[in-house]
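The values are calculated or read from the model by the stated rules, or taken from the named source; none is laboratory data. Since the model is a prediction, treat every value here as computed from it, not as a measurement. Here Cβ is always computed from backbone atoms with ideal geometry, including for glycine, and neighbour counts include all displayed protein chains.
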Amino acid sequence: MPRPIQSDLFAQTESIEQTVSRRLPGGDLLLVSDVASALEVTRTKVIELMEQGLIKGANLNLGSDRRPFYKITRASVVAYARRLDQGI
């Protein structure tokens, strides 16, 4: 049996910004996995976007011997999606 097609993947009727905003969970701070899911990219790509300054986030475990734990601002993810809409 064929798999159903994902109907909301950047649908023609709404912008990338609207689609990403709708996919993100509530709250001002997001996990890497939340952003990866909303943008349809890998967790590694989300970390690369942070390192490039395209989205804003912080490693809350910086300076400790614990593994990185990032929180990303919702506003920066929505702004990144807006730039994708504009082709920037």
Revision key, fill the gap. Here the qualifying pairs (Cβ atoms under 7 Å; residues six or more apart or on different chains; first in region 72-88 and more than 20 Å from Arg43 (Cβ to Cβ) and modelled with pLDDT of 95 or more; second of a type outside the set (Gly, Ala, Ser) and assigned to a helix (DSSP H, G or I)) come out as Arg82/Glu17
Revision key, fill the gap. When Asp34 is run through (1) within 11 Å of the chain's Cα centre (by Cα); (2) at pLDDT below 95; (3) of a type in the set (Asp, Glu), the failure sits at (2)
Exercise for review: Within region 45-71, track down each residue that is out of contact with any helix residue (DSSP H, G or I) (no Cβ under 6 Å at 6 or more places or on another chain), of a type in the set (A, V, I, L, M, F, W, C) and either under 20 Å from Arg82 (Cα atoms) or touching a residue at least 60 places away in the same chain (Cβ under 8 Å) (or both).
Suggested key: Ile47, Leu49, Met50
Review point. If only one of Ile47, Ile55, Ile88 is assigned to a loop (DSSP other than H, G, I, E, B) and surrounded by 16 or more Cβ atoms within 10 Å (Cβ to Cβ), which one is it?
Key: Ile55
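Of the residues in region 35-44, how many are in contact (Cβ under 8 Å) with a residue 24 or more places away in the chain and either in a loop (DSSP other than H, G, I, E, B) or among the charged types (D, E, K, R) (or both)?
Going through region 35-44 one residue at a time, the tally reaches 1.
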Point to revise | Residue in region 12-28 that is surrounded by 18 or more Cβ atoms within 10 Å (Cβ to Cβ), modelled with pLDDT of 95 or more, of a type in the set (Gly, Ala, Ser) and more than 9 Å from the chain's Cα centre (by Cα) present | key: no
Practice item. Hey, can you tell me all the residues within region 58-83 that are in a helix (DSSP H, G or I) and surrounded by 16 or more Cβ atoms within 10 Å (Cβ to Cβ)? Key: Arg74, Ser76, Val77, Val78, Tyr80, Ala81, Arg82
Point to revise | Positions within region 44-88 being closer than 15 Å to Leu24 by Cβ and of a type in the set (D, E, K, R), in sequence order | key: Lys56, Lys71, Arg74, Arg82
